[in-house]
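Here's the structure, in structure tokens; my notes come after.
The values are calculated or read from the model by the stated rules, or taken from the named source; none is laboratory data. Just so you know, these numbers come straight off a predicted model, no measurement behind them. Neighbour counts run over all protein chains shown; Cβ positions are idealised from the backbone, glycine included.
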Amino acid sequence: MEARRQVELSEATVENLKTSSEVVRERYRRGLRHALDLRRTLSDLAGAEAVLQQRRLVLDGTRRRLEVLLGRYPAAALSPGLNLPELPEAIPAGLPAELVSRRPDLMAAERRLAASYSRYTQAKRALYPRISLTGSAGTSSRDLENLLNGDFSVWNLAGNILQPLFQGGRIRGGIQLAASQSEQAVSAYVQSVLSACAEVETALAAESLLAKRQAALETATEQALAARRLAEDRYAGGLVDLNTMLDAQRGAYASESQLIAVRRQRLENRVNLHLALGGGFAGPRRTASTTLTTPTEGL
């Protein structure tokens, strides 16, 4: 993990600066360097030790949080891997847009949309009379007979015919309300889809940009480490001044630290991409089969 790699880099940095400070101290003892050089190297060493303790603090907190997630007591005894894992397979070309349909938030938005349409359909049905002959034993072929035979079911029939007429205003208001709610559900669903696509596009763009950044940092780190070694050797031989060596050391450590960070960022971005897609790169496990009709007719 990144926290452990940053600690290891800081430890290596401290050891390297200790060696450099001993070289400067020896040259100062022999009268070859000024006290200013020695104090600057000691200052850099103390600063590196402070960074090391800060990174150890981050690693300690990370270990305890991981232990809590694993259901263990947070004793910071967990030993993470020495290196960051390699990225899995490359992102394939031509990923279908339907992949995002697996996302739980889109599934929920789709079901809310379908439910709103169902409520609209039910509201429209309330506008029409409902004929019910529950008080009669007859079938549909005996409806007229039931109306004429004095059965109490005729009152049930009349009530079901007239009730929607008397409450037409309230029922139409309910229809309009259901239609408005359906429009809101459509808007929310579209917004959810757009947000999901934005997350996917952002992760895909970051994948490319972070890969290029990592490649550049790998080259920069390689050159910075070579420059550091050369500057240290030349300083020991009295061929360059202290500023040159210190600048080369700082540049090398900064490049290595950034390289570790960008490797972690690429792994984190790949996780974000899978979350945005609702899973891996394989096809969706389900297909949308619900046919939705916009509730605008009949108003």
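So here's what we get for this one:
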read-out	value
Subset of the stretch 21-38 [assigned to a helix (DSSP H, G or I) and among the aliphatic types (A, V, I, L, M)]	Val23, Val24, Ala35, Leu36, Leu38
Subset of the stretch 226-281 that is buried (at least 18 other Cβ atoms within 10 Å of the Cβ) and among the acidic types (Asp, Glu) - its residue that is nearest to Leu38 (Cα to Cα)	Glu232
Any hit, the stretch 2-20, residues being basic (Lys, Arg), in a loop (DSSP other than H, G, I, E, B) and without any contact (Cβ under 8 Å) to a residue 40 or more places away in the chain	no
Residue within the stretch 51-58 that is surrounded by fewer than 14 Cβ atoms within 10 Å (Cβ to Cβ) and under 20 Å from Asn272 (Cα atoms) present	no
Residue ID - surrounded by the fewest Cβ atoms within 10 Å (Cβ to Cβ), chosen from residues in the stretch 81-101 that are small (Gly, Ala, Ser) and over 24 Å from Gln214 (Cα atoms)	Gly94
Leu69 being closer than 30 Å to Thr202 by Cβ and surrounded by fewer than 14 Cβ atoms within 10 Å (Cβ to Cβ)	yes
Candidates Gly31, Gly81 - the one that is on the phi > 0 side of the Ramachandran plot and of a type outside the set (A, V, I, L, M)	Gly31
Where Val262 falls short, out of the listed (1) β-branched (Val, Ile, Thr); (2) in a helix (DSSP H, G or I); (3) modelled with pLDDT under 85	(3)
Condition check for Leu242: of a type in the set (A, V, I, L, M) and under 24 Å from the mean Cα position of the chain (by Cα)	no
